[in-house]
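The values are calculated or read from the model by the stated rules, or taken from the named source; none is laboratory data. All figures in this text were calculated on a predicted structure; none of them were measured in a lab. Note that we place each Cβ from the backbone using ideal geometry, even for glycine, and neighbour counts take in every protein chain shown. The protein model used for the area step is the full one, side chains on, heavy atoms only, and it has no ligands, DNA or RNA in it. Shrake-Rupley method; radii C 1.70, N 1.55, O 1.52, S 1.80 Å.
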Amino acid sequence: MRTSLEVADIFRSSGPAYRAAHAGHLSLGQLKVMAAIENCRTAALGGHVEACEDCGHWRVAYNSCRNRHCPKCQGAAARTWLAAREADLLPVGYFHVVFTLPNEVADIAFQNKAVVYDLLFRTTADTMLIIAADPKHLGARIGITAVLHTWGSALTHHPHVHMIVPGGGIALDGTRWMSSRPAFLLPVRVLGALFRRLFLTRLL
């Protein structure tokens, strides 16, 4: 059953004006994603006829874009991925941690995506691991699931990393589980200071 409004509908109605207003600021990759979503399961991508050999009923089915960003194409894959991740969860609380690049660095990232995104991933992970291992804080080896987002909610370039982190980790000597406080994992200001120092040093 079709939902009342889809991303494709928004792109079709507002996409041309959005692209015109942001000309020169959207990458070729972003433009291709928008076009793929707009054309997904329409005559623009062609189609095929599906028919029942028993009753003779038939229908025209339009082809999918198969773009990894398309919510129609990737819905089932996303549900499968989510189920697999849920199976990996530990019976503990989890924290959502976000690291964001400032606009000045985001501008550099826009022209050097592979290098800066790799640097962002490595630096955010190192920051969390170093502070978590510090006996003054948690004193444990933690696990992290991290996802890179390069667009913000306004569909502008806004690189940031989302992390899901369990509320604790394995003690540094490997003998026991070290739980964090129920509503507190690691100090934000300490994380921010180390992240800025490591990232800027490596960027230079």
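Per-structure values
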{"item": "GNM result for the chain, Cα springs below 10 Å: residue of R19, R122, R79 fluctuating most strongly", "result": "R79"}
{"item": "FRET efficiency, A84 to H22 (Cβ-Cβ, R0 35 Å, nearest 0.05)", "result": "0.45"}
{"item": "Computed [θ] at 222 nm, helices only, for the chain once each DSSP H run of length n ≥ 4 contributes -39500 (n - 2.57)", "result": "-14500 deg cm²/dmol"}
{"item": "Gaussian network model of the chain, springs between alpha carbon atoms under 10 Å - residue of A109, A83, A146 with greatest fluctuation", "result": "A83"}
{"item": "Which label in (i) 38, 23, 15; (ii) 41, 25, 12; (iii) 30, 20, 17 gives the computed semi-axes √(5λ) of the Cα gyration tensor in Å", "result": "(ii)"}
{"item": "Pairwise label distance in nanometres, S4 with V147, each label 7 Å out on the Cα-Cβ vector", "result": "2.6"}
{"item": "Distant-in-sequence amide H partners of L172 (H built 1.01 Å from N, under 5 Å)", "result": "R141"}
{"item": "Solvent-accessible area, 1.4 Å probe, carbon plus sulfur percent, for the chain", "result": "59"}
{"item": "Candidate aspartates and glutamates - alpha carbon under 14 Å from K72, same-chain residues fewer than 8 apart omitted", "result": "E6, D9, E38"}
{"item": "Fluctuation leader among A78, A51, A17 - the chain, Gaussian network, Cα springs under 10 angstrom", "result": "A51"}
